[in-house]
Structure formats: C-alpha cells, structure tokens
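As structure tokens, the structure follows; a few thoughts come after it.
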Amino acid sequence: EAGVTQFPSHSVIEKGQTVTLRCDPISGHDNLYWYRRVMGKEIKFLLHFVKESKQDESGMPNNRFLAERTGGTYSTLKVQPAELEDSGVYFCASSQRTGRSYNEQFFGPGTRLTVL
Amino acid sequence: GNSVTQMEGPVTLSEEAFLTINCTYTATGYPSLFWYVQYPGEGLQLLLKATKADDKGSNKGFEATYRKETTSFHLEKGSVQVSDSAVYFCALDRTGNQFYFGTGTSLTVIP
C-alpha cells in the first residue's frame, strides 16, 4: 500500500511568487492534515480536512495560504504571494475515520520550501 | 493551552551508549503522547505511543512511559546503533485531530 506522497520534494521560489504544494493521502483516508516546520522550530498544525470539508483551519497563518481538497482525495496548499518567513518544511498527514478518539496519522516526506 | 517541550539537540553518542531524550508536556485533560522519528530523506514515522497515564510505549528497543505526575514522556534506549541516527519528535494529541509537536532532537550515533 502506498503511503502519503507529497510533491514537490523541494521548491525554491522568490519572494512574491506563488507556489502550490500537493499531497496525496493514503487511499481511503478521510482525514487529511497539513503541518509546517519552520527552521529549528516545532512542527505546527495548519489545518485538517475531513473528506473535502475543512474541519479546523485554526493554524493557517494568514490569508496568503489557501488549502483545498477537491473531491476529498488529494489536497493542495497554495501560498500567494510567498514571503521569506514562509520558508520551511510542509508536512501532510492522513488518517482513517474510525470514530475513536485517537486516529494514527501517517505522514508524508514533506516539501521543503525555500523563499529567497 | 497545549504544548510540548523537548530536549534541545543535537545529541551525539557512541554506538551502544544509553540514550535519553527528555520530553515534558502541558495539556488540558488527558492527552495521548507519541514519539515520532524522521530518518534522513524520509517522512515522520510513528515510533511509539501511550494513550493513558502509566502506559509504557515501546518499539525497536525504544521505550517511553507516560508520567502524569511529572507531565513527562522521556524517550530511552539502552544501546543505540548507527541506524538510530535521526530526528526525534515528541508530540501530544488531545482531540484525535491535531498534534502538538516539540522542536525535535537530532541524534547522531557514531561507530
């Protein structure tokens, strides 16, 4: 079974440009999460989808970030326009919807974004 | 609020040395606690977990015990190997839908 995949693995852009990150969750996983790790800091939650609906977007830093999950399958995270402080590693995770209080999240390898 | 504080790195150990990475947490209610590991070039992998007080999670020779009285979940391994070189993240989950991670501790094991 394929794990969570993310594309691209690395992106280098200039300040003011737009970048779109993609995440393909494990097939059948209704829950999809985005996290971000800024250099040397903790990994921080950005948002959570259940199927195509945003369940919790409390971690989104500002309105330059837009996440979508059309059809409840893959998700994209767009940053427009990118700023220097957006540099970091963006992780995606997915989990099954089991109704339990704990659902193991499976993480992708991350996309390293560098804004110059 | 919810937060995790873990030992600053980097940590460098010789092969077969004893490893401890400290982790303490702040949370409302009764969180589940986790250790994730990120090997070079790979994604985060769940290493072990504990879902209630006094539970011990273990995997691949690593152990951590959920201590409610000290709000801690320290990671230990009796004898590290070169292949254990990675970044280790302590995390908590209160709701089942959002993880709170520590800053990560980079471990390098030298032969």
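Quick rundown of the values:
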| item | result |
| --- | --- |
| Identity of the residue in the stretch B:75-93, aliphatic (A, V, I, L, M) and away from every other protein chain (no Cβ under 14 Å), that ends up nearest to the chain's Cα centre (by Cα) | B:75 |
| Residue within the stretch A:88-97 that is open to solvent by 40 Å² or more (accessible area, probe 1.4 Å), within 14 Å of chain B (Cβ to nearest Cβ) and in contact with a Lys or Arg (Cβ under 9 Å, 6 or more places away or on another chain) present | yes |
| Only listed residue being within 25 Å of residue B:103 (Cβ to Cβ), out of contact with any Ser or Thr (no Cβ under 9 Å at 6 or more places or on another chain) and open to solvent by 40 Å² or more (accessible area, probe 1.4 Å), chosen from A:44, A:54 | A:44 |
| Residue list for the stretch A:61-75, restricted to those being open to solvent by less than 90 Å² (accessible area, probe 1.4 Å), of a type outside the set (Lys, Arg) and closer than 18 Å to residue A:115 by Cα | A:61, A:62, A:65, A:66 |
| Filtered residue count, the stretch B:18-41, keeping only those that are at negative phi and exposed (fewer than 14 other Cβ atoms within 10 Å of the Cβ) | 7 |
| Filter pass, residue B:85 being polar (S, T, N, Q) and open to solvent by 10 Å² or more (accessible area, probe 1.4 Å) | yes |
| Residue satisfying condition, being open to solvent by 50 Å² or more (accessible area, probe 1.4 Å) and over 26 Å from residue B:90 (Cα atoms), within set A:19, A:12 | A:12 |
| Considering residues of the stretch B:45-74 that are of a type in the set (Asp, Glu) and away from every other protein chain (no Cβ under 14 Å) only, the residue most open to solvent (accessible area, probe 1.4 Å) | B:69 |
| Every residue from the stretch B:24-44 that is of a type in the set (A, V, I, L, M, F, W, C), away from chain A (no Cβ under 12 Å) and farther than 19 Å from residue B:109 by Cβ | B:27 |
| Positions within the stretch B:94-110 being within 11 Å of another protein chain (Cβ to nearest Cβ), assigned to a strand (DSSP E or B) and farther than 15 Å from residue A:107 by Cα, in sequence order | B:106 |
| Matching option when the condition is farther than 27 Å from residue B:9 by Cβ, among the small types (Gly, Ala, Ser) and in contact with a Phe, Trp or Tyr (Cβ under 9 Å, 6 or more places away or on another chain), among A:27, A:58, A:53 | A:58 |
| Number of positions in the stretch A:29-74 that are in contact with a strand residue (DSSP E or B) (Cβ under 9 Å, 6 or more places away or on another chain) and either within 14 Å of chain B (Cβ to nearest Cβ) or on the phi > 0 side of the Ramachandran plot (or both) | 30 |
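Condition check ((1) touching an Asp or Glu at 6+ places or on another chain (Cβ under 6 Å); (2) of a type in the set (A, V, I, L, M, F, W, C); (3) at pLDDT below 95) across all residues:
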site	(1), (2), (3)
B:9	no, no, yes
B:24	no, no, no
B:30	no, no, yes
B:35	no, yes, no
B:41	no, no, yes
B:63	yes, no, no
B:86	no, yes, no
B:107	no, yes, no
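The values are calculated or read from the model by the stated rules, or taken from the named source; none is laboratory data. What you see is a predicted model, and the numbers here were worked out from it, not measured in a lab. Ideal geometry is used to build each Cβ from the backbone, glycine not excepted, and the neighbour counts take in all protein chains shown. Ligands, DNA and RNA are excluded from the accessible area calculation, which covers all protein heavy atoms including side chains. Shrake-Rupley method; radii C 1.70, N 1.55, O 1.52, S 1.80 Å.
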